[in-house]
1. Over the chain, average the accessible area per residue using a 1.4 Å probe and give it in Å², no decimals.
2. Across the range 132-185, what fraction of all alpha-carbon pairs, as a whole percent, falls in each successive 10 Å bin from zero upward?
3. Between Thr30 and Val112, what is the label-to-label distance in nm when each label sits 7 Å out along the Cα-to-Cβ direction?
4. If you project the alpha carbons of the range 25-143 onto the principal axes, what extent comes out on each, in Å, largest first?
5. Can you list the residues of the range 147-171 with backbone N under 13 Å from a point 7 Å past the Cα of Ala189, pointing along Cα to Cβ?
6. If Lys and Arg each add +1 and Asp and Glu each add -1, what is the summed charge of the other residues whose beta carbon sits under 9 Å from the beta carbon of Leu10?
7. Only bridges with both residues in the chain count here: give the DSSP antiparallel percent, nearest 5.
8. Normalising by the residue count of the range 2-200, find the relative contact order in percent from Cα pairs under 8 Å and 6+ residues apart.
Amino acid sequence: MIAETRKIRLIMELRQGGVTQTDVLTAIETTPREEFVPELFRESAYDNRPLPIGSDQTISQPLIVGLMTQALALDKRCKVLEIGTGSGYQTAILARLARRVYSVERIRDLYVAAAQRFDRLGIANVTAQIGDGGLGWPEQAPFDRILVTAAADTMPQALLDQLRVGGCLVIPVGAEGGTQTLWRIVRTAEGFEEEPLTSVRFVPLVSGIAG
Ligand code: SAH
């Protein structure tokens, strides 16, 4: 099957899975996922499944990327914090829909490869750094939106603190290999409103930076 046909099939699968916002579907359609996966998996880049990206990590399934992005309800004024850069694919999608994206990754090799991709693809509104994303990015806070792409055991307080009033945090919470729930947390003037979205399966959010 040629790449364009695979891509059309993927977009149909995302629609069926509940990704209905046109701007999110367009961002996925126009972001070359094959640039974010290892050479060996290029053929599978438009399959609706996670793929290995090295260092024991995975690029998320496109449907999950779509649902998480949609849950953030982004617009071009948003300043976004992303935890878990990985391949940089989700970052690239966010960068299309938001004003600026700050992304934190704890594994150096993944950070380096992702930063090279942003350069090569001319993605200029992303600032990436190596760090423990569980601590957020206090120097740049507050954020309009925060997305975590690894599963936390418990809700990280630092991320809640760095959310602007009116903003939202989308985060998977639950033990590795166990049931994880994707949550959408909205910060209001009075506190936080929590809404469970769906069951998910993510690699764990690990404390500290690697190596
Ligand atoms: N969004 C990525 C997929 C990420 S997989 C993509 O589109 O490719 C989860 C990523 O979170 C991994 O790269 C992992 O190294 C990273 N991670 C785990 N714990 C972290 C932490 N505390 N701080 C920053 N990154 C973390």
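The values are calculated or read from the model by the stated rules, or taken from the named source; none is laboratory data. Bear in mind that the values here come from a model prediction, so they are computed numbers and not experimental data. In this analysis, Cβ positions are derived from the backbone assuming ideal geometry, glycine residues included, and neighbour counts consider all displayed protein chains. Accessible surface areas use protein heavy atoms only, side chains included; no ligands, DNA or RNA. Shrake-Rupley method; radii C 1.70, N 1.55, O 1.52, S 1.80 Å.
1. For the chain, the per-residue accessible area is 47 Å².
2. Reading the bins upward from 0: 26, 55, 18, 2.
3. 3.3 nm
4. So the three principal-axis extents are 39, 30, 24 Å.
5. Output list for this probe position: 165-166.
6. Values: positive: Arg6, Lys7, Arg9, Arg33; negative: Glu13, Glu29, Asp47.
Computed value for this residue: +1.
7. 45 percent
8. Working: 384 pairs, mean separation 28.7, N = 199.
Averaging sequence separation for qualifying contacts and normalising by length gives 14 percent for the range 2-200.
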